[in-house]
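Since the structure comes first, as structure tokens, the remarks are kept for the end.
The values are calculated or read from the model by the stated rules, or taken from the named source; none is laboratory data. Nothing here was measured: the structure is a model prediction, and the numbers come from that model. Using ideal geometry, Cβ is built from the backbone for each residue, glycine included, and neighbour counts are taken over all protein chains shown. Areas reflect the complete protein model, heavy atoms only, side chains present, ligands, DNA and RNA absent. Shrake-Rupley method; radii C 1.70, N 1.55, O 1.52, S 1.80 Å.
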Amino acid sequence: MTTTRRPGDRPVALVTGASRGIGRAIVLRLARTHDVLAVARSATELDALVEEVRDSGGSCDAIVLDLTDADAVARALGGLHVDVLVNNAGIGIMRPLLEMEPEEWRAMMAVNVDALYHVTRALLPGMVTRGAGHVVTLGSMAGRSAFAGGTAYTGTKHFVVGFSESLMMEVRDQGVKVSVVMPGSVNTSFGRGGKDGKPGALEADDVAAAVEHLIATPPNVLVSRVELRPLRPPGRG
Ligand code: NJP
């Protein structure tokens, strides 16, 4: 994949977890204004997404990648020109700590925590060198609250908030914006409930619209944290 950029080229956005759910919705939104790189493991779903974007006149390329493979991430992403990185990939295994298998713990840490480092470490140096860029990471309202059965998941999302806000302070003076988007429940196949199992939840495109909005802010404006809730969640009197 070429990284040579010409004057007038559209900015490049790379979205992880693009094969379905929120990441897919973000790709479809950003493809209106950006050339998009869509990252996930599922080649068939990514191919369908690429086709959909191209059919509507946009530019999208798929990168089939397991984000938990640090060497593969460095090989595939290192040196790419990316103006907007959306760290969206995540998994949610909701189980009390004492019922959680060690491999479930490790799987969640590998995607929600370690992969965030692998991907950001590959793409941030280019942004710093160019003095411009935006890193947006999908956190969660679970990154500021707690629930039984969420020991590991809320831990990873608290990590995301600390990571994003500290990174923001490390690179803002070098022209790079860092934001964390924290939705409540979103109607995807993620975690508890399954698709269509979350009445009153946000839709994936609601989250994508928020991401689109915050990367379109003027150069001197940084929205560093977004908490996104449905207006009238069911079951609240
Ligand atoms: O998740 P889902 P959502 N390597 O399950 C990818 C947060 N969030 O869109 O590899 C590469 O539909 C996977 O692709 P594939 C949540 O914590 C959600 O709902 O093909 N990619 C798929 O594209 C997460 O950070 C809710 O299987 C890997 C994507 O990740 C983000 O929003 C609420 C991978 C997951 O798609 C997206 O969630 C909230 C790997 N090793 C926060 N492993 C909610 N939905 O309710 C997974 O507050 N992926």
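Just want to confirm a number: the relative contact order over the chain, from Cα pairs under 8 angstrom separated by 6+ residues, in percent.
Working: 444 pairs, mean separation 43.6, N = 237.
Once divided by the residue count of the chain, the mean separation gives 18 percent.
Sparse packing (at most 14 other Cβ atoms within 10 Å of the Cβ) combined with a DSSP loop state is found for the following trypsin sites (Lys or Arg not before Pro) in the stretch 92-177: ARG144. The angle between the Cα long axis of helix 21-30 and the longest principal axis of the Cα atoms of the chain comes to about 30 degrees, rounded to the nearest 10.
How large a share of the accessible area of the stretch 88-154, in percent, is made up of carbon and sulfur atoms when the probe is 1.4 Å and the other protein chains stay in place? Walk me through the numbers before you get to the answer.
Numbers: 1750 of 3030 Å².
On the stretch 88-154, the fraction of accessible area on carbon and sulfur atoms equals 58 percent.
Each label was represented as a point 7 Å from its Cα along the Cα-to-Cβ direction; for ALA209 and ARG172 these points are 2.8 nm apart.
For the stretch 12-228, the spread of Cα positions along the three principal axes, ordered from largest to smallest, is 47, 39, 36 Å. The modelled label-to-label distance for the pair THR217/ALA146, using points 7 Å beyond Cα in the direction of Cβ, is 3.0 nm.
The H on the amide N of LEU222, modeled in the peptide plane, is under 5 Å from the matching H of no residue at least 5 residues off or on a different chain.
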